[in-house]
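I have placed the structure first, in the form of C-alpha cells, so that the comments after it can refer back to it.
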C-alpha cells in the first residue's frame, strides 16, 4: 500500500535571521540617548554572528550555529532591556519628547515581539534542528492547538507530521506582548513561563510609560 503521508517540511533558518536583523535596525532607529552603546553596534554584532551561523548550518555544524544564534539573540535582548531602562529613567527627567517617546515605544514593542519569538523558536523542543529530525512535534514547552488534533490540520495532506515554524512562535510572542498572556497556546515548561513573564513585564512597562506620559501631557 503506498504511503500517502506528506514528507516533513524542513524548517529554514532565515526567518529568525530576518527577525534579528529587523531588531537590530529598530535599535539603530532609537534616539542616541536611549540606545545602549552605539546605535548601529547591535545590528553589526547580529549580522557578524548570525550570517556565519547560517554558513555553519549549511555545512552541518549545527552546534556552532546554535551557539552563535544564542549569542546574537542575547546581545539584542540585553540592548532592548537596556533601552527600556534608559527610557524609564528619561521620562521623569523630561528628556524624551512626545513624538520621540511614541516612536521609541513602538520600536521597543516590536523588538520585544521579535526577540522573544526568536528565544521560543530557538529553545522549544531542543531547537529547530532537533525538531526537524523528528517525524512529528508531540512534545515541547508549548501545547500548540495542532498538537491536540488527531488528524489533518489546515493542510488536507498533512497527517500528524505538523511542526511549529517561526511564524507560530512569532504569533505566540505577539499575543504575549499584546494580551499579556499566551491565549490559545498553553505553556508547559518552567523556563518558558519565566521567559513569558519577562516579555509581558517589558511590554507592560513600555505601555505603562506611554500611558503615564499621555496623562502628564493631558
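Only residues that are free of Cβ contacts under 8 Å to residues at least 40 places away in the same chain, within 19 Å of residue 27 (Cα to Cα), surrounded by fewer than 23 Cβ atoms within 10 Å (Cβ to Cβ) and within 17 Å of the chain's Cα centre (by Cα): list them for region 50-74, please.
71, 74
State all residues of region 37-49 that are surrounded by fewer than 17 Cβ atoms within 10 Å (Cβ to Cβ), part of a helix (DSSP H, G or I) and in contact with a helix residue (DSSP H, G or I) (Cβ under 6 Å, 6 or more places away or on another chain); if no residue qualifies, say none.
Once the filter is applied, which keeps residues that are surrounded by fewer than 17 Cβ atoms within 10 Å (Cβ to Cβ), part of a helix (DSSP H, G or I) and in contact with a helix residue (DSSP H, G or I) (Cβ under 6 Å, 6 or more places away or on another chain), region 37-49 yields nothing.
Can you tell me which of (1) without any contact (Cβ under 8 Å) to a residue 24 or more places away in the chain; (2) over 20 Å from residue 12 (Cα atoms); (3) assigned to a loop (DSSP other than H, G, I, E, B) is the one residue 96 doesn't meet?
Failed condition: (1).
In region 113-144, how many are surrounded by 21 or more Cβ atoms within 10 Å (Cβ to Cβ) and either part of a helix (DSSP H, G or I) or modelled with pLDDT of 95 or more (or both)?
So the count comes out to 11.
Is there any pair with a first residue in region 188-209 that is without any contact (Cβ under 8 Å) to a residue 24 or more places away in the chain and a second that is buried (at least 18 other Cβ atoms within 10 Å of the Cβ) and not in a helix (DSSP H, G or I) whose Cβ atoms are under 7 Å apart and which are 6 or more apart or on different chains, and what are they?
Going by the 7 Å Cβ cut-off, the qualifying pairs are 193/187.
The values are calculated or read from the model by the stated rules, or taken from the named source; none is laboratory data. Since the model is a prediction, treat every value here as computed from it, not as a measurement. A quick note on method: Cβ atoms are made from the backbone with ideal geometry, for glycine too, and the neighbour counts reach across all protein chains shown.
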